[in-house]
Every structure is written in structure tokens, then in C-alpha cells.
Amino acid sequence: MIAAIVPAVLTLIGSLTLSRRSQLRKNTEEIQKLARQLGVNDEKTFHAEFSEQYNKIMDNIGKTPNDKALTGQHQDMLNTLQKDFQVINSRYEKEDDCYRKFTAQQLDLKETLDNFSRDYAKVIGLNAKLFNETIALKNEIDKLKAANKELRSELSKGKDM
């Protein structure tokens, strides 16, 4: 009977150890994958901070409840993700602000160009009107000069008589 129980207990212990190692390896791979994804986004901003948190988490994996429990590990991961989210969110806010400023500049430029186009059209219209008035006045001057010349010639005919 002992001969049957001992191999069963050893098999149980061996399978539990292998499954725990397998689970640890799988968790480690997932954390490394997440770290790579986060690290690729912007190493300069939060890579050093993330590496420190990542190392803490990696050190705590598989520890007994006397050290740090799985809940503590999850809390560390949540803290890391929250910091990363804040960095990304602040980047989005900066980009949105830049976009708003750019859009405001575009609206100002459009208004300036619209005002310039309207004023230019007025100037062109005024120039055309003044040009037509100038031609009309030149024609009037020519008529008056002709009338003046005719009056002078009549005046000189009247003096000669």
C-alpha cells in the first residue's frame, strides 16, 4: 500500500511543481510582452520608471504570502499601468492643445485672407469706377476745350468785324 501511495504523492508533487513553473513562465512571457509593447511606445518618457516597476513585479512573482501576495503584485501592475496611462493621456492632451492652436491659426488666416480678398475686390471696383470717371472727365474736358476754342474763334471773329 505504501508502495502505491509514495509514487502517487511524488507524481502529484511533480505535476504541481511543473504546472506552477509553467504558469510562472507563461506569466513572465505575458509581462515581458506587455513590457515590450509599453516600452516601444516611448522609451524616453517612462521606460526607466517602467523597468523599475517591472523588476519589482518580476521579483515578487511566485513569492509566498509572507513576502508579497498576488494581490500586491496586481496592485503594482495597476500602479504601473496607471502611470503609463497618465503619460499617454498627457501626450494626447498636448496633441489636442496643439491641434486646437493650429485650428485657431488656420481660422485667423482664413479670416485675414477673406478680409484681404474682400478689400482687394473693393479696391479693384473703385479703381474701375475711377478709371471710368477719369475717361468721362477727359471727354468732358475735350468737349469744353473744343467749346472754348470755338468761343475764342467766335470772339476773335467778333473783334475783327
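Details
- Approximate spin-label separation Phe85-Gln105, in nm, with each point projected 7 Å along Cα-to-Cβ: 3.3 nm
- Cα-based reach from Lys83 at 16 Å (exclusive), listing lysines while leaving out same-chain residues under 8 positions away: Lys44, Lys56
- Cut-off 15 Å between beta-carbons: net charge of the residues surrounding Ala146, Lys and Arg +1, Asp and Glu -1: +1
- Rolling a 1.4 Å probe across all protein chains gives Lys101 an accessible area of roughly 120 Å².
- Which of Ile2, Ile88 is most accessible, then next, and so on - probe 1.4 Å: Ile2, Ile88
- Distance between modelled label sites at Ala136 and Leu155, nm, 7 Å Cα→Cβ extension: 2.9 nm
- For the stretch 114-161, a simple Cβ point-charge model (Lys and Arg +1, Asp and Glu -1, everything else neutral) yields a dipole of about 160 debye relative to the Cα centre.
The values are calculated or read from the model by the stated rules, or taken from the named source; none is laboratory data. If you're wondering where the values come from, they're calculated on a predicted model, not measured in any experiment. FYI the Cβ positions are ideal-geometry reconstructions off the backbone, even for glycines, and counts take in every protein chain you see. Quick note on the areas: whole protein, heavy atoms, side chains included, nothing else; ligands and nucleic acids left out. Shrake-Rupley method; radii C 1.70, N 1.55, O 1.52, S 1.80 Å.
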